[in-house]
1. Sort out which residues of segment 135-147 are surrounded by fewer than 17 Cβ atoms within 10 Å (Cβ to Cβ) and either away from the ligand (no atom under 15 Å from the Cβ) or closer than 24 Å to L220 by Cα (or both), and write them in order of number.
2. Scan D195, D201 and give me the residue that is at negative phi, outside the structural domain of A23 (by TED's automatic domain parsing), touching a strand residue (DSSP E or B) at 6+ places or on another chain (Cβ under 6 Å) and not hydroxyl-bearing (S, T, Y).
3. Inside segment 195-207, can you point out the residues that are more than 15 Å from V142 (Cα to Cα) and surrounded by fewer than 23 Cβ atoms within 10 Å (Cβ to Cβ)?
4. For segment 104-133: of the residues being over 29 Å from W46 (Cα atoms) and among the charged types (D, E, K, R), which is surrounded by the most Cβ atoms within 10 Å (Cβ to Cβ)?
5. Before we move on, is L26 touching a residue at least 60 places away in the same chain (Cβ under 8 Å), more than 16 Å from the ligand (Cβ to nearest atom), outside the structural domain of V199 (by TED's automatic domain parsing) and in contact with a helix residue (DSSP H, G or I) (Cβ under 7 Å, 6 or more places away or on another chain)?
6. When the residues of segment 66-103 are narrowed to those that are assigned to a loop (DSSP other than H, G, I, E, B) and crowded, with 16+ Cβ neighbours inside 10 Å, which ends up farthest from the ligand (Cβ to nearest atom)?
7. Please work out which residue is surrounded by the fewest Cβ atoms within 10 Å (Cβ to Cβ), limiting yourself to segment 1-40 and to residues that are out of contact with any Cys (no Cβ under 6 Å at 6 or more places or on another chain) and of a type in the set (F, W, Y).
8. Listed residues L6, L53, L45; which is modelled with pLDDT of 95 or more, within 23 Å of Y254 (Cβ to Cβ) and more than 10 Å from the ligand (Cβ to nearest atom)?
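The values are calculated or read from the model by the stated rules, or taken from the named source; none is laboratory data. On a predicted model such as this, the values are computed, not experimentally measured, just so you know. In this analysis, Cβ positions are derived from the backbone assuming ideal geometry, glycine residues included, and neighbour counts consider all displayed protein chains.
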Amino acid sequence: MTDSVLRIFSYVPNPRVWKALIAADLLGLEVELLGDKPANLSQWLWDYDARLLSAEERQDDHPSARKGRRGFSGTLFKTDGFLAAHPFGTVPAAFGPGGEVGIFESNSILRAVARAGSGKSLYGRDAYAASRIDSFLDANLVFAREAQVYLLAMDNLSKPVYQRMAAAYEFYLAGVEAALGHAAYLAGDELSIADISFVCDFAQFLREGHYHEQLAVLSLAPISANGRQVYPRAFAHLLTLSEQVEFARHMGSYLDWFKRAQGLM
Ligand SMILES: N[C@@H](CCC(=O)N[C@@H](CS)C(=O)NCC(=O)O)C(=O)O
């Protein structure tokens, strides 16, 4: 490994990976990223030394062949070492230097980058402030997990899934809106990893706006349809931060469709 503080294996682009990359940019750290387009990840050996497998190697009797469990439906190739480091078998999958320590869950990968930084802090000035940031990260994961189920169900959506998502959205956005009524950033007066996590997961959730047709079949509208009116601070926070250089470098044009739909560009 070079001077990078983490190696991450994932499909790319992936908003969950952006979290770590944005934090690394803000802290002047290097993170090594290995991966490929989502559709190509089934051709890779999932490992600390991840690599593209040859067509001959990609057989169902390969010792690392496993059934995809969440978001991937076919065969994936995860080594025993990968699964020892990553017992839930998910990507993004991060490894500390040397590959012995596996770090999973994108919020925890984000925390790992923040902890590797010295000097400028994105993770609070003391243990209490860090714990408050963790509170936002936990609330964010509850929202993001619901959003993952909802977005993966889009081709076969049911009203109960939609209603669960609507409730999770209302709960999370109301909290974000309230927090931003007290301070400029989620956890206080300074940008923290709580903001980074919010921006990346919320930007991804807004992709529900691409599924008008699927929603219309059930006579439903996107949950976030009037979001900017109902939660103006939360949406402004998302859009402002997404344009900050360290965010924009990774998010690129990801939110352009949303800004166009909102008459913002
Ligand atoms: N909450 C997790 C979500 C990670 C996750 O669920 N990743 C899925 C792809 S979206 C995965 O790796 N699935 C592997 C499989 O299907 O076996 C995070 O933020 O990292």
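1. Selection gives S135, V142, R145.
2. Details: D201 fails: touching a strand residue (DSSP E or B) at 6+ places or on another chain (Cβ under 6 Å).
Answer to the selection: D195.
3. Answer for segment 195-207, where residues must be more than 15 Å from V142 (Cα to Cα) and surrounded by fewer than 23 Cβ atoms within 10 Å (Cβ to Cβ): A203, L206, R207.
4. Restricting attention to segment 104-133, the residues satisfying the condition of being over 29 Å from W46 (Cα atoms) are 118-133.
Add one more test, that the residue is among the charged types (D, E, K, R), and what stays is 120, 125-126, 132.
Working: K120: 11, R125: 10, D126: 8, R132: 17.
In this case the residue turns out to be R132.
5. Yes; evaluated as a whole, the condition is true for this residue.
6. Out of the qualifying residues, it is G96.
7. Step one: list which residues in segment 1-40 are out of contact with any Cys (no Cβ under 6 Å at 6 or more places or on another chain), which gives 1-14, 16-17, 20-40.
Filter again for of a type in the set (F, W, Y), leaving 9, 11.
Details: F9: 26, Y11: 20.
If we take residues in segment 1-40 being out of contact with any Cys (no Cβ under 6 Å at 6 or more places or on another chain) and of a type in the set (F, W, Y), then Y11 is surrounded by the fewest Cβ atoms within 10 Å (Cβ to Cβ).
8. Within the list L6, L53, L45, the selection yields L6.
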